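Okay, structure first, notes after.
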Amino acid sequence: MMTGLFISELERTFKRKKTAAVLAVYAGLLAFIWFFFQRGGISFFDADHDVKIDSLNSAPLLLRDLSFAITFIVIPMFVADSFNGEYTSGALRMVLIRPHHRVKLFFVKWAVQCLLVFIILCITWVVGTCLGRMVMPHVNETTFLGGHTLGTLGAFLYSLKFYGICFCIFIAVISIGSILSVLMPNSILSYVATIGALIGSVYVSDKLSFFFSVTDSVFHELSRPNSEFLVNLLFPILLISLIINLFVWKKKEWVG
């Protein structure tokens, strides 16, 4: 039953024109950013720290230039289309006519959104890593923010950790966006509300600035020894947002 729901959700997701359009835009941005990577040879850990791009640091730096698009374009549009667009268009009513448990359906939709972002990150990491090795200046070690000098294996593991933490943040963005998408009356307002919540988080607390500047925050967290960012902040936010999601999802009158 769960597998059938998951496959059905995947099929509906990839049949949407918006999904194809957003993926095409992201692919174009990926090619555009990489072109300037080669031409310029310089990127940034944050606004105050520039760095030369080399064969070992290209993957994290490539994501830095693309993370804004993922946070403010890709995820909000995917989530609004999945959680709100299907409701307002009536497509979700057809799904809920069948005896599916609401909690299962929510987690299927949420998991598909996470999978989409995971695929996007994997493609970005592969492009950044492979083209970095082939095109950018070859080095045996590189230095990341905080003065951490790493060799080939260390830089590879750093890159994986960097992408992994970014993925966890993006999951939190998906979860927050899904709450707002369920509450808003249409997809446009869902998208705007998600963007507003991400920007507004900066004014709520400096600790939430990672929602606005994902990769800059991750570079800083990885520069600190024994950082407990995931345990003390990100995972609790993710857990609370999922609990709220389940409550709102179960109370919402989807088929009324």
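The values are calculated or read from the model by the stated rules, or taken from the named source; none is laboratory data. Note that the structure is a prediction, hence the values are computed from the model and not measured. Using ideal geometry, Cβ is built from the backbone for each residue, glycine included, and neighbour counts are taken over all protein chains shown. Heads up: the accessible areas ignore ligands, DNA and RNA and are worked out on the full protein's heavy atoms, side chains in. Shrake-Rupley method; radii C 1.70, N 1.55, O 1.52, S 1.80 Å.
Name the single residue that is farthest from the chain's Cα centre (by Cα) among those in the stretch 186-223 being part of a helix (DSSP H, G or I) and aromatic (Phe, Trp, Tyr).
Filtering the stretch 186-223 for residues part of a helix (DSSP H, G or I) gives 187-204, 206-211, 214-223.
This time we only want the ones that are aromatic (Phe, Trp, Tyr), so: 191, 203, 210-211, 219.
Values: Tyr191: 15, Tyr203: 21, Phe210: 12, Phe211: 10, Phe219: 16 Å.
So, considering only residues that are part of a helix (DSSP H, G or I) and aromatic (Phe, Trp, Tyr), the one farthest from the chain's Cα centre (by Cα) is Tyr203.
Does Gly85 fit the bill of being surrounded by 18 or more Cβ atoms within 10 Å (Cβ to Cβ) and either at pLDDT below 80 or in contact with a Phe, Trp or Tyr (Cβ under 9 Å, 6 or more places away or on another chain) (or both)?
Spelling it out, Gly85 is indeed surrounded by 18 or more Cβ atoms within 10 Å (Cβ to Cβ) and either at pLDDT below 80 or in contact with a Phe, Trp or Tyr (Cβ under 9 Å, 6 or more places away or on another chain) (or both).
Given Val202, Val231, which one is surrounded by 14 or more Cβ atoms within 10 Å (Cβ to Cβ) and either in contact with a Pro (Cβ under 8 Å, 6 or more places away or on another chain) or among the β-branched types (Val, Ile, Thr) (or both)?
Val202
Check the stretch 170-185 and report whether any residue there is of a type outside the set (D, E, K, R) and outside any helix (DSSP H, G or I).
Looking only at the stretch 170-185, we keep the residues that are of a type outside the set (D, E, K, R), and these are 170-185.
Remaining after also requiring outside any helix (DSSP H, G or I): 184-185.
Yes.
Being open to solvent by less than 40 Å² (accessible area, probe 1.4 Å) and at pLDDT 90 or above narrows it down to one of Ser187, Ser181, Ser217, so name that one.
Sole residue among the options that is open to solvent by less than 40 Å² (accessible area, probe 1.4 Å) and at pLDDT 90 or above: Ser217.
Kindly provide the set of residues from the stretch 205-214 that are surrounded by fewer than 19 Cβ atoms within 10 Å (Cβ to Cβ) and closer than 30 Å to Leu105 by Cβ, ordered by number.
Residue satisfying the conditions is Leu208 alone.
What tally of residues in the stretch 127-157 results from selecting those that are assigned to a helix (DSSP H, G or I), out of contact with any strand residue (DSSP E or B) (no Cβ under 6 Å at 6 or more places or on another chain) and open to solvent by less than 40 Å² (accessible area, probe 1.4 Å)?
5
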